[in-house]
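Here is the structure we will look at, set down as structure tokens.
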Amino acid sequence: MVIVALSSSLFSSLPPHDPTPSSSAPPRPPIPIPKYPPPRKSQPPPPPSNPALKYHRNSKYYKPIHHNTVIPSDGDRSVIIGESGVSYLLPGAPFEFQFSYSETPKVKPLAIREPAFLPFEPPTMPRPWTGKAPLKKSKKNIPLFDSFNPPPPGMKGVKQVEMPGPFPIGKYPEEGISREEILGEPLKKWEIQMLVKPMASDNRQVNLGRDGLTHNMLELIHSHWKRRRVCKVRCKGVPTVDMDNVCRHIEEKAGGKIIHRVGGIVYLFRGRNYNYRTRPQYPVMLWKPAAPVYPKLIQDAPEGLTKAEADKLRKKGKSLLPICKLAKNGVYTTLVKDVRDAFEGSHLVKIDCKGLDPSDYKKLGAKLKDLVPCVLLSFDDEQVLIWRGKDWKSMYAKAPVFVTRNLDNTGMGNTVNSSPKMLSLWKSAIESNKALLLEEFNLGPDALLEKVEEFEGISQATEHSHPAFISSSEDAFEGSIEEGGTEDNYSNEEGLDDVDDYDSNNDDEDDYDYYNDDEHDEFNDIVVTSAQPGSLPIDSLVDKLKLRQKE
């Protein structure tokens, strides 16, 4: 009881607890705002050195082109907008200049994205303005580079220089103006090998990329020809789809002659009478002009299809497997052939272009449209979907038709068309006398057997390495004996013994009487061969039959 009283007295002595806070306590200070550094002022981009070098993609300039237009610039210098895109005409130029000669679309542009001005330096300015006065004229008289009179070999401060040529003994270089005069006589095979072999492993080359043969590459090729007779051009990307087009433009614009081509590498010969001093000199483009606006490649209802049919083909193409995957900066020389072969088995073809720039696979689709030809359906998911069109025709001849009879004896036949690959195999087999093409289909068993036996003799005669002579008359046998014949081989004693053995079997004579009928003379035919009697496998079978008959 005492313990309880003590505990109660202890709890009763505690001060009372007031839940309300006292008003005299100061409030807590708020969280201080962090001090951040002041924001940096965005620095404006430096102004371009030339107003014409502005970034044209940010421009909203749009000028429609309704017909061929010639816009004069400075005097005789003008900009031409026509079927070949945007070109530039300068006085005294051998042809109209373009940014890209090989990759310009063959479609008339709809509009231009920038004002028509020339990307070349003005003729009134002898040099580009640098903000400083021009340097004083040098006192040294530096001679111009002349291929006909190069510096002596081993001279210090002079790079390797190759003389004009090659020339036969007794001939020397001659000044030429036209392309034929500069090229000279056609190169011989050994001369081509002599020029190409050292360039195969050399990394001194001109790289041709997605823009194809550009205008400034012409001067670059001549700078390579300054010291070498052959210029190596390595092509990669979209231009390799049509290498014939690239090679044609290289020869037309730069001159020279392509003497060797493998894959995307081209070896360009400058000519026997080439002189760097008298080369054609073209002005250099200072910037890349803006590409004009062209018609859309993908249409809602392509030619020969309605919108519903095109949508159905696009939906079907989503589950279609691509025939190949194109790598970036690859060589696509076999792409056109692969697409044509794929159209032999399917009316839709898909090409996987993941990783490529959108402009690359769009250019690629435009090239396939002209080269295959085909109809473009979509570029969705970085894949090119194309349709072969209604006017498509097979590359191969009409496949042979094989007719087989049904098992229900209805008299109807099943028509089976062979694939193009199987057709090519059959064609090569027929040309090499390993297969026979029957023109008559309704042949009986006996007639078909005669055809097969006749073809076996022909195929064996063409397949054997040693000459085989097949004769079917006694005159041929006598002729073979007179020429050096095999009479001694068949008139020996062993041969006579074999004949006696056959005559002694009188019991089975009736079974072999039909071998002596005159109606079956082909069994008496003699085949002249190098095999000795008794060495063939059939001889061992005859010996076994003899033993069975004696038993």
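What to note about this one:
- Prolate/oblate/rounded label for the range 236-278 (Cα gyration tensor, a/c 1.5): prolate
- When the Cα atoms of the range 80-131 are aligned to their principal axes, the ranges along those axes come out at 42, 27, 17 Å in descending order.
- Under the shape rule built on the C-alpha gyration tensor, where the axes satisfy a ≥ b ≥ c, the range 160-215 is oblate, since a/c reaches at least 1.5 while a/b does not exceed b/c.
- The charge dipole of the range 239-349, taken about its Cα centre with unit charges on the Cβ atoms of Lys, Arg (+1), Asp and Glu (-1) only, comes to about 480 debye.
- Two-site FRET efficiency, TRP287 against VAL196, from Cβ-Cβ distance with R₀ of 45 Å, rounded to 0.05: 0.80
- Subtracting the Cα-Cα distance of ASP146 and TYR294 from their residue separation scaled by 0.36 nm leaves 48.8 nm.
- For the range 141-204, GluC sites (Glu not before Pro) meeting the loop criterion (DSSP other than H, G, I, E, B) and having at most 14 other Cβ atoms within 10 Å: GLU174, GLU175.
- Distance between the pseudo-spin-label points of ARG277 and LYS325 (7 Å out from Cα toward the beta carbon): 5.7 nm.
- Low-density loop positions, chymotrypsin sites (Phe, Trp or Tyr not before Pro), the range 81-172 - DSSP coil, at most 16 other Cβ in 10 Å: PHE95, PHE117, TRP129, PHE145, PHE148
- When the Cα gyration tensor is reduced to axis lengths a ≥ b ≥ c, the ratio a/c is 1.5 or higher for the range 92-237, and with a/b not above b/c it is classed as oblate.
- Residues of the range 258-293 with amide N under 15 Å of a point placed 7 Å along Cα→Cβ from VAL158: 276-277
- Pairwise label distance in nanometres, ARG40 with ASP381, each label 7 Å out on the Cα-Cβ vector: 4.3 nm
- Other residues within the sphere of radius under 14 Å centred on the Cβ of LYS197, judged by their own Cβ, net out at +2 (K and R +1, D and E -1).
- Cross-link pairs beyond the 21 Å C-alpha cut-off, checked among LYS367/LYS393; LYS232/LYS363; LYS312/LYS393; LYS307/LYS369; LYS236/LYS354: LYS232/LYS363; LYS312/LYS393
- LYS354/GLU454 FRET efficiency (R0 60 Å; Cβ-Cβ; nearest 0.05): 0.55
- Projecting the Cα atoms of PRO322, MET199, LEU218 onto the charge dipole of the range 194-338, computed from C-beta unit charges around the Cα centre, puts MET199 farthest toward the positive end.
- A cut-off under 15 angstrom between Cβ atoms defines the neighbours of LEU305, and their net charge, with Lys, Arg +1 and Asp, Glu -1, is +3.
- Under the simplified labelling scheme, the HIS67-ILE177 pair shows an inter-label distance of 3.8 nm, with each label point 7 Å from Cα along Cα→Cβ.
- The spread of Cα positions in the range 221-327, taken along each principal axis and listed from longest to shortest, comes to 63, 31, 23 Å.
Coordinate-derived values only; no laboratory data. These numbers were taken from a predicted model, which means no experiment stands behind them. Neighbour counts run over all protein chains shown; Cβ positions are idealised from the backbone, glycine included.
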